[in-house]
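Notes for the one structure printed next.
The values are calculated or read from the model by the stated rules, or taken from the named source; none is laboratory data. Since the structure is predicted, the reported quantities are computational estimates derived from the model, not experimental observations. So basically every Cβ, Gly included, is an ideal-geometry build from the backbone, and we count neighbours across all protein chains shown. For accessibility, only protein heavy atoms count, side chains too; no ligands or nucleic acids. Shrake-Rupley method; radii C 1.70, N 1.55, O 1.52, S 1.80 Å.
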Amino acid sequence: MTAVLLLAACDKAEIAPNATLGEAAARGKAAAARLGCGACHAMSGIWPQGKTGPSLVRFAERGTIAGRYSNRPDNLAAFLRDSSGTAMPTVPMTAAQADDIAAFLHEQ
Ligand code: HEC
């Protein structure tokens, strides 16, 4: 009986807040660092933390993307692939990288 209770307690610990990044988000963090997003933005754990663009720390709490699209992962990935019409230059990336970076921005 005791063993069963201990196992149940372990299951809960895995979904604690501040858990490490999921797989997609971890890939997205690496991609964001490689693509140089930090040159213009502050993002958790990525250097430099540029100030040309807005800070992206805790981005999941923001209502909109660049003030025009509602902040959902699919809209975020689409914006990352094509930010034309905004003050951000489009950074070339694959659809998979955009999905992963969107996951990272919403989890960091
Ligand atoms: C040359 C500078 C520059 C680079 C490099 C850059 N951005 Fe941006 N980014 C901007 C600017 C400027 C804006 C503001 C756009 C606007 O609101 O019109 C912006 C806006 C954004 C937004 C929306 C922010 C908000 O407050 O709604 C996101 C998300 C974003 N960038 C992600 C990225 C990611 C991810 C990368 C790397 C792939 C990246 N940016 C690279 C300059 C840059």
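Which length gain, in nm to one decimal place, applies between L21 and Q49 when the Cα-Cα distance is subtracted from 0.36 nm times their residue separation?
This chain segment gains 8.1 nm when fully extended.
Counting only heavy atoms of protein chains, what accessible area per residue, in Å², does the range 12-108 have with a probe of 1.4 Å?
Per-residue accessible area for the range 12-108 comes out at 61 Å².
Which is farthest toward the positive dipole end of the range 18-107 among G63, A24, A78, measuring Cα position about the Cα centre, with Cβ charges +1 (Lys, Arg) and -1 (Asp, Glu)?
Positive-most Cα among the choices belongs to G63.
Tally up the carbon and sulfur contribution to the accessible surface of the range 18-107 as a whole percent, 1.4 Å probe, everything protein left in place.
On the range 18-107, the fraction of accessible area on carbon and sulfur atoms equals 56 percent.
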